[in-house]
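Bear in mind that the values in this text are calculations on the coordinates, not laboratory data. Predicted model, so just to flag it, every value in this text is computed and none were measured. Cβ: placed from backbone, ideal geometry, glycine included. Neighbour counts: every protein chain shown.
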Amino acid sequence: MYIETEQTPNAGSGIKQEIKVPFYVIRISLIAALGGFLFGFETAVISGAEKTIQQLWNLSSGWQGFTVASSLIGTVIGSLIAGTPAQRYGRKRVLTVIALLYLLSAVGCALTPLWLLFITFRFIGGLAVGASSVVGPMYISEVAPAHVRGRLAASFQLMIVTGIFIAYLTNFLFISLGENSWRWMLGIMVVPAALFAILLRTIPESPRWLVLNRRDEEAKAIFAKTGEPDAMGVIQLEHQLEHYGLKEKLFMGNTYRKPIMYAVLLAMFNQLSGINAILYYAPRIFEMAGFSKADAYLQPVYIGGANLLFTLLALTVIDKFGRKTLLLIGCVGLIVFLGLTANAFSAGGSLGKNVLFYLLGYIAFFAFSQGAVIWVFISEIFPNSVRSQGGSLGSFTHWIMAAIISWTFPIIVEGSPNGGFYSFVFYTIMMIIAFIFIWRVMPETKGRSLEQIQRDLGIK
């Protein structure tokens, strides 16, 4: 069954031909992307609970930053270690373990009476987020045909922002439940986690992982279902490219110098935009801007809605405009709106709606660019034999930066009367540097098979 078609030029003739995308590949990609929904929910839901938790356990700004960042510490470790089991045991099995970790974290965080246990269950949820950010995009990129790989891989980001939106929405709805409202905010994640675990039973293993493990007949059958035009050609090419086999290492001389540099720098700039400080502390930021407590919980819903809308927009054009073009457009917008936000905080007093408008503009450009591109680009820039290792490196870099940003934000804000101003000035400067890197250094990967990208980077 085919549910999507598009017109593309036929090579050499200039005549447009219809390309169909099997429903099968869309279905299994969206199931794998559900890990992104849980990723987004786990990331943003703490914003509704963090101030209540700080008061409940009487935490200083430093320990409060650690409490929020405890999930990110787990995320860093999860992203670092996920590649090895994904390479050894397969993408599907690791995704199933991830679903169970999400489930355990939701139940534990909702029910625990002790701060130390809360930190432990947040850490477990972080492990799931970190592993999911590696294995989810990896799986999708390996099952998707080249002409729609950008959109299908970006569906992982779409699920992330959907999870963020739902987290903000449920936080707003549950805030009226009283002193234990934060437990409902965190516990509701049980529902999507259980659904994810059930649906994973219906998807196949990654065909490229099967090829890597010499299970060619199984891979051929899956390639046929996903619409790969030349399954045997891909299998033969993979065997030629995998001449080092399963023992090939990412840090092997200068062989993978370019993809390592691209993935690490893009992941760093993604977080140096300040996105996780805004997502984790959105209600606090709006209270700083002069909103009432009720309105401070409502405004993030608008932020989440804008995030979702502009991710959808990016999803429709990422395979037409390309990854690099989206990133450059996004950097310009981020520089403008981060600068406006910094200027607003420098003025002091009640900032009101101006900050809401500036942050909506910021989120729109982030979602259209950095948010939509990062997991797509990292999942496709590395060769098959080291893709799990490369994905882990990119994700590890992303999350170690996220932990630093999220841990230090409340310390900076509470430690200085102009902490908000200094934070947003720093993010603005980082996006100027990011624009230069993307413009001058980063390659374009749209429309190329994973094997073609490898050859373009000079990796033999």
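From the backbone phi of segment 196-203, what are the Karplus-calculated ³J(HN,Hα) couplings (6.51 cos²θ - 1.76 cosθ + 1.60, θ = phi - 60°) in whole Hz, Gly and Pro given as x?
Running phi through 6.51 cos²θ - 1.76 cosθ + 1.60 with θ = phi - 60° gives 4, 4, 5, 5, 4, 5, 9, 9 Hz.
How large are Rg and Dmax for the chain when only the alpha carbon atoms are used, in Å?
21.6, 70
Return Ile453, Ile412 ranked ascending by Cβ neighbour count within 10 Å, so the fewest neighbours appear first. The partial results should precede the final answer.
Details: Ile453 20, Ile412 17.
So the residues, fewest neighbours to most, are Ile412, Ile453.
Around Gly420, under 12 Å between beta carbons, what's the net of Lys plus Arg minus Asp minus Glu among the other residues?
Numbers: positive: Arg284; negative: Glu287, Glu414.
Spelling it out: positives minus negatives among the neighbours equals -1.
Give the separation of the Cα centroids, segment 75-138 to segment 324-401, in Å.
Between the Cα centres of segment 75-138 and segment 324-401 lies a distance of 23 Å.
With N residues in segment 400-460, what two-decimal value do you get for its Cα radius of gyration over 2.2 N^0.38 Å?
Numbers: Rg = 18.4 Å, N = 61, 2.2 N^0.38 = 10.5 Å.
Normalised by 2.2 N^0.38 Å, the Cα Rg of segment 400-460 equals 1.76.
As a test of the definition: which semi-axes, in Å, follow for segment 85-187 when you take the square root of five times each eigenvalue of its alpha carbon gyration tensor? Largest first, please. Show your work: numbers first, answer last.
Working: eigenvalues 186, 69, 11 Å².
Sorted largest first and rounded, they come to 30, 19, 8 Å.
Could you give each residue of segment 289-295 its phi-based ³J(HN,Hα) in whole Hz, using Karplus coefficients 6.51, -1.76, 1.60 with θ = phi - 60°, and x for Gly or Pro?
7, x, 6, 5, 4, 4, 5
Relative contact order (percent) for the chain, with alpha-carbon contacts under 8 angstrom and 6 or more residues of separation? Could the numbers behind the result be given before it?
Working: 795 pairs, mean separation 109.5, N = 460.
RCO, the chain: 24 percent.
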